[in-house]
Structures are given as structure tokens and as C-alpha cells.
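Engineer: Following this message is one structure expressed as C-alpha cells.
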């Protein structure tokens, strides 16, 4: 990930409990942004961070990786929808078109995307790109 060298460290996480503070910090820092793309290897904590982001935003549902349905919808206590994508299994960009990605990404609702590399050209301008890396058991978060 060459981008890692070009971005500053936003946070370091060494325990799962620290994701709560990280998610609060991200939502506060990017109040006007609704699309977040999470980059990182398998097992680096992308889904865990999304669980905490959803919790920060008022989701009471169980948040899990939408690997097979590709997208999960969660509803906040304010009855707002949040979309969680996992594009790991996407083989062709046409699958993203068939999903109707525009309806989600341009809805004005929060969208959290795992494996955004698969649709990089389709990401909206100004989306927040979060790069996660495991360095000796500590998660380095760059934005």
C-alpha cells in the first residue's frame, strides 16, 4: 500500500476497547462525510472498526461482515440507514453496477466499505480512506 507512506498516522490501536475512542474520533473529524473506505489485509480489524462506528452512530443491531450478501443495512435509533459493504468476493466491476452502488453511495447515508480496491474508480470524491495496518499486534490507522 503505497498510500500508507503518503498519509499521516491518525491513531494507533493496541486493544479492541480502543476502537470506541477511534470511532468517536473519526466521526467527529469527518462530520460532513458519509462514505468511508477501509483498506487493509484480512484480519486487520476493518469489520471491528465498522462495528464501533455503527455503535457510535446509534446502531443497536448486531453488525457483521456482509461477505455473502455484499451489503448489510443497519438502522440507527433515529431510523436512519447505514450501509456496510464487503467487496472481497467481487470479481468484476459489473457486479458493483448490478448492485446499484450509486443508490447507496450517493444516498446521503453513512456507507462503510471493506475492500474498496475493487471499485476505486467508483468511490465518490471526498470519501474518507482509512488505511489499517498490523504492526507487531498494534493497529496503525492512517486517513
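Engineer: Mind checking Rg over Rh on the chain, alpha carbons, Kirkwood formula for Rh?
Structural biologist: Reported Rg/Rh (Cα atoms, Kirkwood Rh): 0.93.
Engineer: What does the range 22-90 give for Rg and for Dmax, in Å, if only its C-alpha atoms count?
Structural biologist: My reading of the Cα-based Rg and Dmax gives 11.9, 33 Å.
Engineer: Roughly what % of DSSP beta bridges within the range 3-142 run antiparallel, to the nearest 5?
Structural biologist: So the antiparallel bridges amount to about 55 percent of the total.
Engineer: Under the definition of Cα pairs under 8 Å and six or more residues apart, what whole-number percent is the relative contact order of the chain?
Structural biologist: 36
Engineer: Something else now. Comparing 125, 18, 73, which has the greatest mean-square fluctuation in the GNM of the chain with Cα pairs linked when under 10 Å apart?
Structural biologist: 125
Engineer: Counting other beta carbons within 10 Å of each Cβ, put 16, 71 in order, fewest first.
Structural biologist: So the ranking, lowest neighbour count to highest, is 16, 71.
Engineer: Could you put 129, 34, 89 in order, starting from the residue whose Cβ has the fewest other Cβ atoms within 10 Å? Don't skip to the end; give the middle numbers.
Structural biologist: Numbers: 129 17, 34 20, 89 11.
Result, fewest neighbours first: 89, 129, 34.
Values in this text are rule-based calculations from the coordinates and carry no lab data. Since we're looking at a predicted model, the values are computed, not measured. Quick reminder, even Gly has a Cβ in these numbers, built from the backbone with ideal geometry, and neighbours come from all protein chains shown.
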